[in-house]
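A short worksheet on the structure shown next.
Since every read-out is calculated from the coordinates, none of them should be taken as a lab result. Just so you know, these numbers come straight off a predicted model, no measurement behind them. With ideal geometry, Cβ positions are generated from the backbone for all residues, glycine too; neighbour counts draw on all protein chains shown.
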Number of protein chains: 2
Amino acid sequence: MTETRLTEKTAGIRDVAARAGVSQTTVSHVLNATPHTRVSEETAARVRVAAEELGYRPNRLARGLRTQASEMIGLLTEEIATTPHAGRIILGAQEEASRHNLTLAIINSELNPDPEVPPVQVQAFLDRQVDGIIYATVYHDEIVAPENLSARPAVLIGARDSSGILPAVLPDERAGAVAVVEMLVARGHRRIAFAASAEDVPATRGRLGGYLEAMAAAGLPTEGLVAEGSSDARGGYTATNALLDAGPTALFCYNDRMAMGAYRAAGECGLSIPGDLSVVGFDDQAPIPESLFPPLTTVALPHYEMGAWAVDALYAVVSGSGERATSFAPTLLPCPLVERESVAAPRA
Amino acid sequence: MTETRLTEKTAGIRDVAARAGVSQTTVSHVLNATPHTRVSEETAARVRVAAEELGYRPNRLARGLRTQASEMIGLLTEEIATTPHAGRIILGAQEEASRHNLTLAIINSELNPDPEVPPVQVQAFLDRQVDGIIYATVYHDEIVAPENLSARPAVLIGARDSSGILPAVLPDERAGAVAVVEMLVARGHRRIAFAASAEDVPATRGRLGGYLEAMAAAGLPTEGLVAEGSSDARGGYTATNALLDAGPTALFCYNDRMAMGAYRAAGECGLSIPGDLSVVGFDDQAPIPESLFPPLTTVALPHYEMGAWAVDALYAVVSGSGERATSFAPTLLPCPLVERESVAAPRA
DNA sequence: CTGAAAGCGCTTACAG
DNA sequence: CTGAAAGCGCTTACAG
C-alpha cells in the first residue's frame, strides 16, 4: 500500500541508452550537446527519440553532485514579513533564475544583530551546495556581512558591505527624489515642501538629501518647508499640518503612507489635490497610490530589478562569464517616477 | 587566478573518518544516529570531535541522491506579483520547512489558462527531485490541477482540486464574515450594510454569503443594505454613497480597499467614524488598516498559516508519519477578526 | 560494535 | 564517432 507511488520508476539515462542502443556516455553527450564532441546525426537522432519516448528528464541532483554545481541559488531575506515590497525582490530573483535554468531557494531570517555569529540560514544554503547566495536586507545601508557568506559567491541587496568586498545593489533614492523636485519645478512649483521621516535610516537621508540638493540646484528656498513626522500616515498628517502655514503649492512626502496622512490633512483644511496642493509620495507601495483620491504620483523602488540584478551578478561569476567583483562601488538602480493624478501646475 | 576559491576544499565524510580512525560507515551512523545501530560511546565521541574540528557538514546533495529524498519542497505560486499577501504564504511555508529541515524552492507562474498543458514550472521542480509540491493559487476556488503535479505528493493553497484528490487549504471567509456581523450585532447594530464586490470570485460569494447568513440568523433585514462596486477604493466610495441613504449604523466592506473608499465617502457626508458610522473591512491588507483614521477593524486572511499548513501536510506524507489524503474536504482555516478603532456602538 | 562494498544517476577525462 | 570506467559524497544492507 505504501509503495503505490514508488513503483512509478522514472526513466534514467541508462534506460535511454539501452533503448537507443548506445552508451550512457553518448546519451549524455547528445542531450547536453557537449562541446568538442561529434556524434553522428543519425545516432543523435536515435538518442533524442528514445529520450522523448521515455519522457526522460535528467536528475539534477545527480548532475549537481557530479559537476559540483547545484545550479541552485539561495536568497536570504531579512525580515521579509515586515517589508511590503520584498515579494517583488523574490519575483525578480526567481524569474531571472529561471531564465538561467537556476532554481531559487528561499530562507527568511530575523534581523541579525550580531554579525559575528554565522547565521544558520547561510549554513543551510551551504549544506545544499548552492552556487551563490543573495543576502537581501532592506533597512541598513552598510552591514558587516556574516563571514560564512563568503564561502560562496555572494551579493547584497539593499546594503553595502562594510568591507567593500561584496557586490551590492541599492535603490538610487537620492536621484529619485531629485527627479521629483525637477518634475515639480518644471510644472511651475517654487514653494515645494518636504514631509520628512523622523527615522534615521538611509532612505530618509537619501530622499531628504535629494530634495535639498535639487531645491538648491533650482535656486529655491527650503527654510520652513521641511517638517518631520513618524514615517506613517499619522506622521504625514502631523508634518503636513505643520507645513501648510508656509503655503507650499506642492508637498513631497517621504513615503506613500505619509502621503496618505497628507491627503487627510489637506482635506480637513479644505485644500483640494492637486488643485490647491500637489502631493508626491515615495515607494509606490500598493495599494496606496491607486486607492487614493486622486491616485498618487510617487516614485517606485526597483525591487524586481534588484532581485534580477543580484541573480545576474551571481550568474556571471558562477558561469565564469563575468569577472569577479572588480568594482567596490555598489550599483545604484534607478527609482522611476510614476505619475498619476496628484500633481498639477500651481494656481496662478 | 580563477581557482582561488576552488582551493577551499571542504571536509568530506572521508576526512572525518580518517581523522577519527574509523570507517565512513561509522561516521555516518554516529552523525545520523542511525536507529538499531550501536556504536561505543568512546568511538562516537571521537567521531564527533573529528567532525567538529574539521567543521564537517554533510553534503545534502549527495545525501539526497543516495536516499532518494531531496528534502526540498517546491512552492509554485500563481501570480505572486499581483497578490499582496503572497509574501506571507511564502514566509509560513519557509519557516515551517526550516522547522522540518526542509528547503523551500520557489517558482512563480503566470495564470495558467490551460490545465491540460503540464506547466514547465512543475517539471522544473520534478527535475530537482523535490519531495513535494505546493501549488498556491489565490483567485480560484476550484481548479483542475495539472496532471504532472501528482508525480509527487502535492497540496493546494487557495483552491480545491476538482478531482478532490489533492489536499487543499482555504481561508474560511464565510465564517470570517459571520464573525464580523455577530460582533457588530453584539455592539448593538441592527442596520448593517454590506458593500459588495461586483467581481465574481469565491471570496465575493463567501463574504457576502456570511453576511447574509449572519444577518438572517440575527433576524435582521438586509433589503436596501447591499450595494455593489468594483473591489477597489473607487468601488467602495460608490457603494457607500449608494448605501448611506438607507441609514446604516455600520458598514461592512468586501475588502480594505473598498473600506478606504468608504472612509472618504463618509467623510464627504460629514459622517465621523466610528461615531456616526462603524466600518469594517476584510483582508487586513497592509498598510491600509493602520494608515486609516481611525485604524480599520478588519479580518485577516490566514496566509502564513496556509503556507505552514501546506508544508506540514506534505511533511506528514513524505516522512510517512501521516496517512495519505484520507479526506476529500478541503481544510478551512479561520480568518481572525482584528479589532482596531473603526467600530463603536451606534448612537442611541 | 565496526567496516568493506555497492550504488544513488549522472558527467567526464581517456582510450580507441 | 563511440564507449568503459571512474568518481561526485553520501547511506545502507550485509557480514563479521
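Data for the structure
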{"read-out": "Per-selection Rg to Rh, segment A:243-348 - Cα, Kirkwood hydrodynamic radius", "value": "1.21"}
{"read-out": "Charge sum, other residues only, whose C-beta stays under 15 Å from residue B:102's C-beta, Lys/Arg counted +1 and Asp/Glu -1", "value": "0"}
{"read-out": "Label 7 Å beyond Cα on the Cβ vector: residue B:331 copy-to-copy distances, nm", "value": "4.1"}
{"read-out": "Förster radius 45 Å - calculated FRET efficiency between residue B:162 and residue B:186, Cβ distance, rounded to 0.05", "value": "0.70"}
{"read-out": "Mean projection area, nm², convex hull over Cα of segment B:13-58", "value": "2.7"}
{"read-out": "Estimated D of segment A:246-296 in µm² per second, where Rh is the Kirkwood radius over Cα pairs and Stokes-Einstein applies at 37 °C, 0.692 mPa s", "value": "306"}
{"read-out": "Debye log10 I(q)/I(0) at q = 0.18 Å⁻¹ for segment A:173-301, Cα point scatterers", "value": "-0.85"}
{"read-out": "Overall Cα dimensions of chain A, principal axis frame, Å, largest first", "value": "86, 48, 42"}
{"read-out": "Average beta carbon contacts from partner chains per residue of A:285-298, 10 Å cutoff", "value": "4"}
{"read-out": "Chain B, relative contact order in percent, only Cα pairs under 8 angstrom and at least six apart counted", "value": "16"}
{"read-out": "Hull shadow area, averaged, segment B:139-201 [alpha-carbon convex hull, nm²]", "value": "5.7"}
{"read-out": "Ascending list, in nanometres, of distances separating the residue A:186 label from those of the other copies (7 Å, Cα toward Cβ)", "value": "5.6"}
{"read-out": "Residue with peak Gaussian network fluctuation, chain A [Cα springs, cutoff 10 Å], from A:124, A:198, A:11", "value": "A:11"}
{"read-out": "Nearest-first distances (nm) between copies at residue A:49, label 7 Å from Cα via Cβ", "value": "6.4"}
{"read-out": "Sites residue A:218 and residue A:110 - FRET efficiency at Förster radius 56 Å, r taken between beta-carbons, to 0.05", "value": "0.85"}
{"read-out": "log10 of Debye I(q)/I(0), alpha-carbon scatterers only, for the protein assembly as shown at 0.06, 0.09, 0.11 Å⁻¹", "value": "-0.43, -0.90, -1.20"}
